[in-house]
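Undergrad: One structure is given below, represented as structure tokens, and several questions about it will come after.
The values are calculated or read from the model by the stated rules, or taken from the named source; none is laboratory data. Computed from a predicted structure; not experimentally measured. All Cβ positions, even for glycine, are placed from backbone atoms using ideal geometry, and neighbour counts span all protein chains on display.
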Amino acid sequence: MPRIRPDAEDNARVRAFCALFEAEFGVRPATTALQRSHEDVPMSEDKAQRAATLVGGVISRREELDALIAELADRLPFDQIALVDLTVLRIALFEMLFDNGAVRPNTAARHAVSLAKRFGDDGSRRFVSGVLGTVTRNRLQAGTAE
């Protein structure tokens, strides 16, 4: 994975992504991975808090997020979704649906596509964009988000 730049605009999302992705391999819990990344490359308090909010939110709502991803990506069996794409979608959907307006849904989607391009394969950007586009059209415009 690319080295985390301390001044990156999306640093909180990148940190959250890396911590959640690392936890998928059972190396350490995502919260521990996040803390270690802050120790290795310090970041501002507000970005550190944002990363912690994303990690905590994804962890606490994982079952809901995964059920929603399985529903939205129904052409691909859930267990065949690339781990990078799954992690990016969990973060974006948490932001879009459950994060009480911390960021606009379009901003969350744009950053998710950026993460997918940065860490995923050739199809990641299109897949993530398609799933999040469906959320925007079907759920957010209908007013069914929390």
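Undergrad: Cβ-Cβ below 8 Å, separation at least six or inter-chain, first residue in the stretch 87-106 and farther than 19 Å from PHE119 by Cβ, second modelled with pLDDT of 95 or more and not in a helix (DSSP H, G or I): which pairs?
TA: PHE98/ARG61
Undergrad: Of the residues PHE94, PHE119, PHE127, only one is in contact with a Leu (Cβ under 7 Å, 6 or more places away or on another chain) and either among the basic types (Lys, Arg) or at pLDDT 95 or above (or both); which?
TA: So the residue among PHE94, PHE119, PHE127 that is in contact with a Leu (Cβ under 7 Å, 6 or more places away or on another chain) and either among the basic types (Lys, Arg) or at pLDDT 95 or above (or both) is PHE94.
Undergrad: Within the stretch 65-86, count every residue that is touching a residue at least 12 places away in the same chain (Cβ under 8 Å), out of contact with any Leu (no Cβ under 7 Å at 6 or more places or on another chain) and assigned to a helix (DSSP H, G or I).
TA: 7
Undergrad: Something else: Can you name every residue in the stretch 71-91 that is buried (at least 18 other Cβ atoms within 10 Å of the Cβ) and not small (Gly, Ala, Ser)?
TA: Hits for the stretch 71-91 are LEU72, ILE81, VAL84, ASP85, LEU86, THR87, VAL88, LEU89, ARG90, ILE91.
Undergrad: Go through (1) exposed (fewer than 15 other Cβ atoms within 10 Å of the Cβ); (2) in contact (Cβ under 8 Å) with a residue 60 or more places away in the chain; (3) of a type in the set (D, E, K, R) and name the single condition ARG118 misses.
TA: (1)
Undergrad: When you scan the stretch 4-27, do you find a residue that is among the basic types (Lys, Arg) and modelled with pLDDT under 90, even just one?
TA: yes
Undergrad: Quick check on the stretch 97-116: of everything there that is under 13 Å from the mean Cα position of the chain (by Cα) and of a type in the set (D, E, K, R), which residue is modelled with the highest pLDDT?
TA: ARG110
Undergrad: Please specify each residue of the stretch 101-141 satisfying the condition of being over 20 Å from LEU20 (Cβ atoms) and not in a helix (DSSP H, G or I).
TA: Result: GLY101, ARG104, ASP122, GLY123, GLN141.
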